[in-house]
Each structure stands twice: as structure tokens, then as C-alpha cells.
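Step one of this worksheet: look at the structure below.
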Amino acid sequence: MKFIPSLCLVILASLCHHQISFVSADLISQTCGQTRFKDLCEKTLRGDPGSKSADIHGLAKIALKATSTNAKVVQSQISKLQKSTTDKYTLQALKDCAENYEGASEQLSDSLTVIESKHYADVNTWVTAAMSDSDSCEDGFKPGTSKLTALNNNFFQLCSNVLAIVNQAASVNKA
């Protein structure tokens, strides 16, 4: 007879786990549905195991961390390009990009610190500045010569998504 209550407990636990996964998946879809770059948002959030149990604030932190990591990837690519480029104009553009992304990384690091205390306005300010850094990087190249266009665009889109998610978190925090 102990088997039936145990079986019921296992089934109940399984249903609860499925329901939690469904709710979090729905939250990710809802959240990303309010961003400009929905597919990238879904890929970013679903790619982090912590998103399954995250609330909107947690999703904002995950998106911000992913964007910060991406800034470091871009910095690494800039460094590689600097080592393999001889054109003076391109080298100067890459030097400017390195400075821009160093600033962006600092701004995102600051954002990661203040998001813990839900200072969403500060996060918005710093992420917006980081977005501008990627634009400035791209603008430093002669049209059609940047080898960073795809990376800059991806970083810009990640920042845009962070802003949308942070604004959602801020509105939930006010309620």
C-alpha cells in the first residue's frame, strides 16, 4: 500500500515541475515579446539554466550578464584584429574601439553591481552608454571597412534587449 502514495507523490512532483517550467517558459516568451530583438532575447535567456526558475528581475540579470560577456568577446576580437592589421587608419579605428568597449565593459560591470539593489535607472543609463560605445566603434571605420560590424550589431541588440527587460522589471518593482 505504500507504493500508491509514493506513486502519487512522484506524479504530483512531476506535474509541479512541469508547471514551473511552463510558467518560466511563458515568462521568457512574455518578456522577450516586449523586446525589439525577440529571437536573440529568447536565445540569450533560454541559453542560461538559471532562467528556468527566474523572475523578471532574474531575467534582467541574466540578460545583463550575457551582454557583459559579449562585450569581452568583442574586446578579444578587437585585440586580435589589432595584432593582424597594418593599415594606420584601421589601427586607429580599432584603438578607438578598444577604448569604447573598455568603457562599455565598465558600464556593464557597474550595472551588474547596482541591479542587485534594483537601481534600474542607473542600469538604464549605463547600458544606454554602452550601446553608444558600440555605435561609436562602428562609426570610426570608413564605410564598408569594419570587420566588427556583426559583433557591434549583436552587442547593440543585446543592450537593447537588456533595456527592455530592465524596464519591465522596473515596472513590476513599482507595482
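For a quick check of your reading of the model, give me the residue pairs whose first member lies in the stretch 21-48 and is surrounded by 12 or more Cβ atoms within 10 Å (Cβ to Cβ) and part of a helix (DSSP H, G or I), whose second is at pLDDT 95 or above and of a type in the set (Lys, Arg), with beta-carbon atoms closer than 7 Å and at least 6 apart or on different chains.
Within 7 Å, the pairs are 28/46; 32/38.
Just to be sure I understand, how many residues within the stretch 81-93 are in contact with a Lys or Arg (Cβ under 9 Å, 6 or more places away or on another chain) and either in a helix (DSSP H, G or I) or buried (at least 21 other Cβ atoms within 10 Å of the Cβ) (or both)?
Number satisfying all stated conditions: 5.
Looking only at the stretch 81-122, which residues are touching a residue at least 60 places away in the same chain (Cβ under 8 Å) and over 18 Å from the mean Cα position of the chain (by Cα)?
81
Here's a check for you: in the stretch 121-164, which residue that is touching a Leu at 6+ places or on another chain (Cβ under 8 Å) and of a type in the set (D, E, K, R) is surrounded by the fewest Cβ atoms within 10 Å (Cβ to Cβ)?
It comes out as 147.
Of everything in the stretch 131-146, what is touching a helix residue (DSSP H, G or I) at 6+ places or on another chain (Cβ under 6 Å), within 16 Å of residue 78 (Cα to Cα) and assigned to a helix (DSSP H, G or I)? Give them in sequence order.
Scanning the stretch 131-146 gives 133, 134, 136, 137, 138.
Within the bounds of the stretch 66-80, is there any residue that is in a helix (DSSP H, G or I), β-branched (Val, Ile, Thr) and either closer than 14 Å to residue 162 by Cα or without any contact (Cβ under 8 Å) to a residue 12 or more places away in the chain (or both)?
For the stretch 66-80, residues in a helix (DSSP H, G or I), β-branched (Val, Ile, Thr) and either closer than 14 Å to residue 162 by Cα or without any contact (Cβ under 8 Å) to a residue 12 or more places away in the chain (or both): present.
The values are calculated or read from the model by the stated rules, or taken from the named source; none is laboratory data. Given the structure is predicted, the values throughout are model-derived calculations rather than measurements. Neighbour counts are summed over all protein chains in view; Cβ atoms, including those assigned to glycine, are modelled from backbone coordinates with ideal geometry.
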